[in-house]
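The values are calculated or read from the model by the stated rules, or taken from the named source; none is laboratory data. These numbers come from a predicted model, not from an experiment. Quick reminder, even Gly has a Cβ in these numbers, built from the backbone with ideal geometry, and neighbours come from all protein chains shown.
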Amino acid sequence: MKVGKGTEAQLRLRRLTVHETNAIIFLYHSLELTSNSTSCLWLYMAHVIVFPDHESFQRGIELRRGREALVMELHPPRFCQGLFAPSLLVTAGLGGLKTELEARGIPFSGTIPYQSLNRAIPEAPPPDPVWKEVLRGFRLITVRPSVTDPRKFRMEASSDAWPASLIPVMARLIRGGTFLPDLPILAFEEQHRLIVFSAEGIVISRADDLLDLWIMIRTSVDLVCSAHCRRATLGKEREPRYGISAIEIFRRLPGTDCGLCEHRSCMEFATSLLTGRSSLDKCTPLRNGGDVRLAQSLEWLLRVMGLLPGQ
């Protein structure tokens, strides 16, 4: 949609599409775009600043003054009520706003590109209040594009009282995946996503978009609360299991199929790592200064899978 040259009229956009309106939650009743605007590219070039908690958001929202046309509040849906602080949707001037946040010492979890959503928000009630008793606050540590698929997002979260003691109980509620009782770690694949519970908190890898992130966190919190409420009857899982597939390892390899590891392909090397028949230092591209983020992500995954010593 373009605004014709020389026009004096203003274009008033009263609402987005139904899906956009439902997904974003905040309403634009009278968003005005002038003739020298960059048209609707403002939405497709937008980014979301995610805050770790409500206190940080309240400090960050003060910087919106004077930027009201470019910075808008983005509220989570009802089914995440209280879990998340609102975010800021920034359509221009992201770098300057981030610089000012850092200068004022206002923490933020990360920035991610805004992605247009093509589905409605699920109808669900707010979380069970028991989550406040169990977690005593929820904090997003980092949110960023996933290393294994930059089109998707990776999130790390924890709480003021992260209940690591419930992970063995949660392992009774989840079939399959990897469970390491001594650490403890519970990791499982949810379609294309990887979800990991550890003593430090939770990691969700390859969430499709912000809505998917909200859904995955809500279901993860429900899992924690269910383990808390049923811990007396379920008891704790004590037997380790190893159920993460070689595909997760393969996603973090260079994909060059160079053969320097003495395997015909990266997929074959991934399988060899999974079965303990090879070691990570055999991957020459990673060892010789390859993609550092891939290397770090692979080491993290191998520890999660119990294939590397240490935590």
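Numerical summary
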| item | result |
| --- | --- |
| Unique residue being among the charged types (D, E, K, R), modelled with pLDDT of 95 or more and more than 24 Å from GLU299 (Cα to Cα) when the list is GLU133, GLU123, GLU102 | GLU102 |
| Verdict on ASP281 being of a type outside the set (Val, Ile, Thr), surrounded by fewer than 18 Cβ atoms within 10 Å (Cβ to Cβ) and either in contact (Cβ under 8 Å) with a residue 60 or more places away in the chain or part of a loop (DSSP other than H, G, I, E, B) (or both) | no |
| Some residue of the stretch 124-141 being more than 23 Å from SER87 (Cβ to Cβ) and either in a strand (DSSP E or B) or under 13 Å from the mean Cα position of the chain (by Cα) (or both) | no |
| Members of the stretch 238-247 found to be under 20 Å from GLN296 (Cβ atoms) and in contact (Cβ under 8 Å) with a residue 60 or more places away in the chain, listed by number | ILE244 |
| Pair list, Cβ under 7 Å, 6 or more apart: the stretch 58-72 residue free of Cβ contacts under 8 Å to residues at least 24 places away in the same chain and surrounded by 14 or more Cβ atoms within 10 Å (Cβ to Cβ), other residue among the β-branched types (Val, Ile, Thr) and part of a helix (DSSP H, G or I) | none |
| Residues of the stretch 205-237 that turn out to be β-branched (Val, Ile, Thr) and either free of Cβ contacts under 8 Å to residues at least 12 places away in the same chain or farther than 16 Å from MET170 by Cα (or both), as a count | 3 |
| Test result for ARG293, outside the structural domain of HIS192 (by TED's automatic domain parsing) and assigned to a loop (DSSP other than H, G, I, E, B) | no |
| Test for LEU183: is it outside any loop (DSSP other than H, G, I, E, B) and under 14 Å from MET305 (Cα atoms) | no |
| Number of the exception - GLY255 against (1) surrounded by fewer than 20 Cβ atoms within 10 Å (Cβ to Cβ); (2) in the same structural domain as PHE138 (by TED's automatic domain parsing) | (2) |
| Matching residues in the stretch 212-265 - criterion: being among the charged types (D, E, K, R) and part of a loop (DSSP other than H, G, I, E, B) | LYS236, GLU237, ARG238, GLU239, ARG251, ARG252, ASP257, GLU262, ARG264 |
| Qualifying residue in the stretch 222-245 (condition: within 18 Å of PRO150 (Cβ to Cβ) and at pLDDT below 95) | no |
| Tally, over the stretch 161-180, of residues that are out of contact with any strand residue (DSSP E or B) (no Cβ under 9 Å at 6 or more places or on another chain) and assigned to a loop (DSSP other than H, G, I, E, B) | 2 |
| Any hit, the stretch 152-160, residues being at pLDDT 95 or above, assigned by TED's automatic domain parsing to the domain that holds LEU213, in a loop (DSSP other than H, G, I, E, B) and farther than 30 Å from ALA92 by Cβ | no |
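This table checks each residue for (1) surrounded by 15 or more Cβ atoms within 10 Å (Cβ to Cβ); (2) in contact (Cβ under 8 Å) with a residue 12 or more places away in the chain; (3) within 16 Å of GLU200 (Cα to Cα); (4) among the aliphatic types (A, V, I, L, M).
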| site | (1), (2), (3), (4) |
| --- | --- |
| PHE138 | yes, yes, yes, no |
| ILE141 | yes, yes, yes, yes |
| PRO150 | no, no, no, no |
| PHE153 | yes, yes, no, no |
| ASP160 | no, yes, yes, no |
| ARG172 | yes, yes, no, no |
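Listed here are the residues, each with its yes/no results for (1) under 25 Å from PHE188 (Cα atoms); (2) charged (D, E, K, R); (3) within 29 Å of the chain's Cα centre (by Cα).
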residue	(1), (2), (3)
ILE249	yes, no, yes
LEU253	yes, no, yes
GLY259	no, no, no
THR271	yes, no, yes
PRO285	no, no, yes
GLY290	no, no, yes
ARG293	yes, yes, yes
